[in-house]
Amino acid sequence: DAGVTQSPTHLIKTRGQQVTLRCSPKSGHDTVSWYQQALGQGPQFIFQYYEEEERQRGNFPDRFSGHQFPNYSSELNVNALLLGDSALYLCASSLALLGETQYFGPGTRLLVL
Amino acid sequence: AQSVTQLGSHVSVSEGALVLLRCNYSSSVPPYLFWYVQYPNQGLQLLLKYTSAATLVKGINGFEAEFKKSETSFHLTKPSAHMSDAAEYFCAVVFSGNTGKLIFGQGTTLQVKP
């Protein structure tokens, strides 16, 4: 049983560019959440998708957007990249129930130059 | 504001010694509580979780945590540290009314000395 997978593993972009990160949830899961982890910090919640809609959002600007597909996979898009967007982006999948465990993928490390 | 605090950004123990990593949360309503471990250049792996069934929760790799409502704490312990336990540990909370939104502490780096 495959766990949560993310692609790409590493990415280098320049300021002002746009980036798309991808996530496939654990088999049987219907909810995908995205987190940003800056170096030396705990992960910060970006947003969560369920039934192809954004269900909840953290304190991130509109430059951060996402999408969930009918097969439950998800994309995270970041426009107009800033140096401060450099971080490890983690995807987590779960069932849509309160308190359910979120299982994390290995992350995508984004470097903005 | 709802928050999670991990006391001690770095903890160093000798191999075989007790491991104690501290976590406190701010809420009058008991939340769902989790401990995750992160090894270098990897994602997060679940160690254990509390979901109101039992106050003492046992997890993987010999770790356990005790939920204390009166102290709003969920400290992680392991009786005997192993070199392979060296990693970053995160306490995370889902507060009531925030379905699925994990709020993480800042993390504690555990160093295990031979």
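FYI, it's all coordinate maths here, none of it is from the lab. Computed from a prediction, not measured in an experiment: that's the story for all the values here. Heads up, the Cβs are rebuilt from the backbone with ideal geometry, glycines too, and the neighbour counts pull from every protein chain shown.
Some notes on this structure:
- In sequence order, calculated HN-Hα J values of segment B:50-57 (Karplus, 6.51, -1.76, 1.60; Hz; x Gly/Pro): 10, 9, 6, 7, 9, 6, 9, 10
- What you get for the protein assembly as shown, charging only the Cβ of Lys and Arg (+1) and of Asp and Glu (-1), is a dipole of about 400 debye around the Cα centre.
- Of A:Thr20, A:Thr31, A:Thr101, the residue with the greatest mean-square motion in the GNM of chain A, using alpha carbon springs below 10 Å, is A:Thr101.
- 3J(HN,Hα) along segment A:41-48: 10, x, x, 10, 5, 9, 6, 10 Hz, from the Karplus curve 6.51 cos²θ - 1.76 cosθ + 1.60 with θ = phi - 60°, whole Hz, x for Gly and Pro.
- For the peptide B:5-15, the mean number of other protein chain Cβ atoms found within 10 angstrom of a residue's Cβ is 0.
- Euclidean distance between Cα centres, segment A:1-59 to segment B:13-78, Å: 24
- DSSP beta bridge pairing in segment B:6-114, given as percent antiparallel to the nearest 5: 85
- For B:Gly107, distant residues with modelled amide H under 5 Å away: B:Gln6, B:Cys91
- Packing-based ranking, highest mean first, of B:66-78, B:101-113, A:49-61 given that Cβ atoms within 10 Å are counted: B:101-113, B:66-78, A:49-61
- DSSP beta bridges in the protein assembly as shown [antiparallel fraction, %, rounded to 5]: 90
- With θ taken as phi - 60° and the Karplus curve 6.51 cos²θ - 1.76 cosθ + 1.60 applied, the whole-hertz 3J(HN,Hα) list for segment B:37-42 is 10, 10, 8, x, 6, 10 Hz, x standing for glycine and proline.
- Efficiency of FRET between B:Leu56 and A:Gln18 - r from beta-carbon atoms, R0 30 angstrom, step 0.05: 0.05
- Taking every residue in B:80-93 and counting other chain Cβ atoms within 10 Å of its Cβ, the average works out to 1.
- Exercise: per-residue mean of other protein chain Cβ atoms within 10 Å, A:34-44: 4
- Mean Cα-pair separation over length for chain B, i.e. relative contact order, pairs under 8 Å, 6 or more apart, %: 37
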